[in-house]
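Any read-out appearing in this document is the output of simple, stated calculations on the displayed coordinates, not a laboratory observation. Remember, predicted model here, so these are calculated numbers, not experimental data. Virtual Cβ from ideal backbone geometry, glycine too; neighbours counted across all protein chains shown.
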Amino acid sequence: MASPAISKSPLQRLSTYKTTPTPIVTATPTPVGNTPLPRSPSSPPLDTFSSDPIFSTFLSPDFNPTQFSSAALSSGSAASRIEKLQEGLRLLDTQLRNEVLSRHHDLLHQLSSIKVAESSLSSLRSSLSSLQSSVRRARAELSDPHRVIASQTHQLNNLHSTSLLLQYTIRTLRLIQKLRNLVDSQPDSSKWDLSKAAQLHFEILTLYNESHLSGIDVVDTELKWVTEIGSKIREEGMKVLEKGLESLNQPEVGLGLQVFYNMGELRGTVDGLVSKYKQIAVKSVSNALDMKAISGGGYGGGGPGGVQRHGTPQIGAGAKTREALWQRMSGCMDQLHSNLLAVWHLQRVLSKKRDPFTHVLLLDEVMQEGDQMLTDRVWDAFVKSFASQMKSVFTASSFVKEIFTIGYPKLFTMVENLLERISRDTDVKGVPPALTSEGKEQMIAAIETFQTAFLALCLSRLSDLVNSVFPMSSRGSVPSKEHISRITSRIQEEIEAVQQDARLTLLVLREINKVLLLLAERAEYQVSTGPEARQITGHATPAQLKNFTLCQHLQEIHKRVTSILAGLPTVAADVLSPALGTIYGVAGDSVTSLFQAMLDRLESCILQIHDQNFGSAAMDAAMDNNASPYMEELQKSIIHFRAEFLSRLLPSSGASSAKTETICTRLVRSMASRVLIFFIRHASLVRPLSESGKLRMARDMAELELAVAQNLFPVEQLGPPYRALRAFRPVIFLETSQLGSSPLLQDLPQVPYFIISIHGGLKICSHLFRGTNLRLSSILCGWILKGKIRYGKA
C-alpha cells in the first residue's frame, strides 16, 4: 500500500541552490518586503547530491519513502545506507549554519521590522475596541424604539386588513341579500330578472374571490346557496338563448347573451353553442349515410331488408332503401339549414348588442381580430365531414355510389336548394351573409366526385346508343327513324334532368357536344362518295338513297336539338354550336356532290343558248309558241331531278318556309337562284338579237320561271334573282335612250352596264360576270368564243 504524500525533504529543498555560484554581496538595510535576500553561493559538497546514486533519489519529485526503505532493507547494506544518510544530514546542518551566518544582518533587520509592525497593530486594536463599544451603545439606543414601531405597524396593518375584510364581508352579504330578495320575489325561476340576477351573482363571486373571503363561516354558508342559484340562472339563461335561436327571436337571444355576459361567461357559452351546432351538423351527415340505420338491419346483415357488406341492401329492399336514403339526405340538409341559420342569428345579435352600462359590443368579447366567424366555423366543420363521408361512400358503398351517381341531379339540386335557402334567409342589409362564395364552392366540390361519375355515365349512355345505331363494323347499314328518335329523345331526357341548374346543364351539354361530334363522325363514315352518288341521268341509286336517308336523319337530329336549345339560355347554344355545325356540314356534304352535279347539268343546258339563232327576222320564229330546244332540255332535266332526287329530299309541304328551311331546301334555293342568274348573264351576251329573237327569249324566260317555280323553289321567295329575271324581260325591249332612266336596272345584279353597238343598232349587254374568268375585252369586242363560254364559270 502506498504511503501518503510527504513534504519535500531538505535535500529536495536544497536543489534550488544548484545554480552557478555567485559572489557574496554585503547586505544593505532596506525596508521590509521590498528587496529579497541575496543568495549565497552553494557549498561545493552539496553539488555531489545530484550525482550521488543515493541522494539523487531524494531530489526526484515523485520520491516515495516507503519504496526507498524497502529497497535499502532488501539490498543487505542497510547499516551502510544509514551511515550514508547521517553523513548527509551532518553536511546539510553545516550548510544551513553557514547560510544563517552569511545572512545574519539581513535577518536582524527583518526582525526589527516585525516589531515595528506589532507596535502599530496594537494601537489599531485599541481603536477598534473603542469603535465596537460605540456601535453597541447606538444599537442599544435604537433597537427598542424600532421594535416598538414594528410591533405597532403590524398591529395597524392587521386592524386595516380586518376593517377591509369586514367591509367586503358586509358588502358581500348585502349583495347576497339582494339576490335572495330577487329570487324570493318570484317562485318561478323562468320569470326572474335573469340579467340582474346574473350581475349580482357575478359581483358576489368576484368580491368573494378578490377579497379572499374564504374561511368566513357566514359567507361560506351563503356561498353554497349562491352557487345553486348560479346554476339555475345559467339553466334559465340557456333556455332563453336556445329558444331565441330556434325561433330567431332577437330580444330573447339578446337577453340570453346579456345573462352570460353579466356572469362573465359569454365567450365560453358562445364557444359551447358553436361546438354543439358543429357536432349536430357532423352527426346529421353520419346519420344520413348510415346504411344500417337506413335499411333497418340493425347490427345483423342477414335479415330481410338488411344491409350486406359494402353497403348493399338485400334483394328486394333496394327501392325502399333508396327512398329512405333520399329522405335522410333531405333531413340532413334541413338540419344544417336550421343550425347554420341559428348560428348566423347568434352572430347577428352579437354584432348589434352592446352592454347597457359599459357600451361594450358583445361580439368583441367573443371574437378577436383575425378570428374566424361563427358561421364559418360551423360551415367548415360540416363541409369537411360531408366531403369525407361522400368520399367514403363513393369508395366503400357501391349501392350509395350508384344512387348518387344516377341521381346526381337530385343530389345537386338538394345542395343548390340548401345554399339558396341559406343565402336567401341570411340576406339582411348591414349584416354579413352566412355563406361566402368560397363556402358555396367548397360544398359543391364535396360532391364533385359524383358529378364526374354522373357526366361519365351520361357520356357512356349516349355514346353506347350512338355506337349501336352507327356501328363501325357495318358501313352499309342505315339507321331507321326509330333509332334517330331514340337518340334525340335520350338527349332531351339528359337535358331535362339537369335543366333546373344552369351550371350542371352546361356540363351535360359539353358531354352531349362530344356525343354529337361522335355521331357526325360515324354518319360521315357511312356517306357514299363514289360515282354512284353523283350520277343524275338515271334513277336514284342505292348509294344515293342511303345518302338521302343519312341527310334526312342528320337534319332531324339538328332540328330536334335546335328546338330543345330554344328553351335554354344563349350560352347553351354556344356550347353545342361546334357539334351542330359539324352535323349540319356532314348532312350537307352527303348530298352536295349530287346537287353540284345537277347544277352543272342545268348550266350546260343554259350554255346551249349561244347555239341558238336569236337574230332571225322570220315571222315563224316570232309566232312559234314552242320553247327553244335548250329550254326544253333544261325543263326535262329539272323535271327529272324533281322526280328522282328532290322529291325524296324536300319536305312534302312548307318546304319554302324560311323558319323551317332544311339543308336540302337551302341547297335547292341556292340552285334555283344560280340557274336564274346564270341564265340572265348568258342571255345578256346573246347577239345578234332581233325583235322576233326578243320574243323568243321572253318565252324562254317564262318557261324557265315556270319550270323553276313548279319543280325547284317558289320563285317569289328567291328575292333578288327573281326580281332580276322579271326586270331583264322588259329591259331587252327598251330603246337605248330609255336605258339610262329606267328603274328596271336597279333590280339587275349590281355590276356595270355597257352599251354596245351591234349591226348598226344599240343593244344593252349587262356585264353580269362578277367572278368569271371571261375577259371584259373579249365581250366588248364581240370575241365570244363558245369554248370560253362553255368552260367559264359565269
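The table for this structure:
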| item | result |
| --- | --- |
| For Thr570, Thr662, Thr169, Thr153, order by how many other beta-carbon atoms lie within 10 Å, fewest first | Thr570, Thr153, Thr169, Thr662 |
| Whole-Hz ³J(HN,Hα) from phi, Karplus 6.51 cos²θ - 1.76 cosθ + 1.60, for the stretch 365-382, glycine and proline x | 7, 9, 10, 9, 4, x, 6, 6, 5, 4, 5, 5, 5, 5, 5, 5, 5, 5 |
| Residue order, fewest to most beta carbons within 10 Å, for Cys551, Cys605 | Cys605, Cys551 |
| Residues with amide H under 5 Å from that of Met263, placed H, sequence gap 5 or more | none |
| Using θ = phi - 60° and Karplus 6.51 cos²θ - 1.76 cosθ + 1.60, couplings along the stretch 121-126 (whole Hz; Gly, Pro as x) | 5, 5, 5, 5, 5, 5 |
| Given Lys401/Lys514; Lys178/Lys278; Lys391/Lys514, the pairs whose alpha carbons are separated by over 32 Å | Lys178/Lys278 |
| DSSP-loop trypsin sites (Lys or Arg not before Pro) across the stretch 373-470, with at most 14 other Cβ within 10 angstrom | Lys429 |
| In sequence order, calculated HN-Hα J values of the stretch 93-100 (Karplus, 6.51, -1.76, 1.60; Hz; x Gly/Pro) | 5, 5, 5, 5, 5, 5, 5, 5 |
| 30 Å Cα-Cα threshold exceeded, pairs from Lys292/Lys384; Lys239/Lys292; Lys196/Lys243; Lys224/Lys352 | Lys239/Lys292; Lys224/Lys352 |
| Order by protection proxy (mean Cβ within 10 Å, highest first), peptides 74-81, 641-648, 590-597 | 590-597, 641-648, 74-81 |
